[in-house]
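Heads up: the structure comes next, in structure tokens.
The values are calculated or read from the model by the stated rules, or taken from the named source; none is laboratory data. As the structure is a prediction and not an experimental result, all values here were calculated from the model. Cβ atoms come from the backbone with ideal geometry, glycine included; neighbour counts cover every protein chain shown. Please note that ligands, DNA and RNA were not included when accessible areas were found on the heavy atoms of the full protein model with its side chains. Shrake-Rupley method; radii C 1.70, N 1.55, O 1.52, S 1.80 Å.
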Amino acid sequence: MFTRMLTGLAAAIAAAAFFTVAAAAEADAVRESQDRAAIEGLEWRYVHAIDTLDADAYVETFTPDGQIGTGARAAKGTAALRGIVAFLKQDAAERNKGRTLPIELYHIMTNSYIEFEDRDHARVHYYWMALYTTPRAPPQQGGHERPPDEAMKQPTVAEAGRGLDHVVRVNGQWLIQLRDVWSRD
């Protein structure tokens, strides 16, 4: 009888351990899925902020010591990141001087892959393009009709490359610590 009790107790302990391990693995999978979604949202907020020239939103995607680029020309810290947006605003104003419809800037990220280093650090690998769009008149023959105040946008690729972002969780929020848009990795 004592042997059966020990066997039953051992089986119960083994079952409890199995279910504990399974529950932990499921919790890790759920957390990683939520983290992937949060990092994808971070990357979208970054692109939207730079394309709309919103300095506050742009800076908010980085850690306080965050940087874009590497080497001597890297922009590091809040003031330097704001400087990037200020430069792009000035560049856009000069480019669009005298135009009724503006030339717009669009950043496109594609083929991204998120690689977790640990629970609070990840690397985002991606390809990117920066496009300028020049308004042009829509064709006059049939087809898709646009509102009269909207011209078609002719894209021109300004730059393209392969990027690698190092992102970290800070106070529960994923932020860019380093954005290397000329990555060789």
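Structure values in brief
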{"item": "Residues located in segment 69-104, provided they are over 17 Å from residue 135 (Cα atoms), of a type outside the set (Lys, Arg) and open to solvent by 70 Å² or more (accessible area, probe 1.4 Å)", "result": "70, 72, 79, 87, 90"}
{"item": "Subset of segment 156-183 (residues that are touching a strand residue (DSSP E or B) at 6+ places or on another chain (Cβ under 8 Å) and open to solvent by 70 Å² or more (accessible area, probe 1.4 Å))", "result": "156, 157, 159, 162, 177, 182"}
{"item": "Index of the failed condition, residue 47 passing every other in (1) in contact with a His (Cβ under 7 Å, 6 or more places away or on another chain); (2) open to solvent by 30 Å² or more (accessible area, probe 1.4 Å); (3) not aromatic (Phe, Trp, Tyr)", "result": "(2)"}
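Okay, residues lined up against (1) assigned to a loop (DSSP other than H, G, I, E, B); (2) loosely packed, with under 15 Cβ neighbours inside 10 Å; (3) at pLDDT 75 or above; (4) at negative phi:
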site: 113; (1), (2), (3), (4): no, yes, yes, yes
site: 123; (1), (2), (3), (4): no, no, yes, yes
site: 131; (1), (2), (3), (4): no, no, yes, yes
site: 140; (1), (2), (3), (4): yes, yes, no, yes
site: 154; (1), (2), (3), (4): no, yes, yes, yes
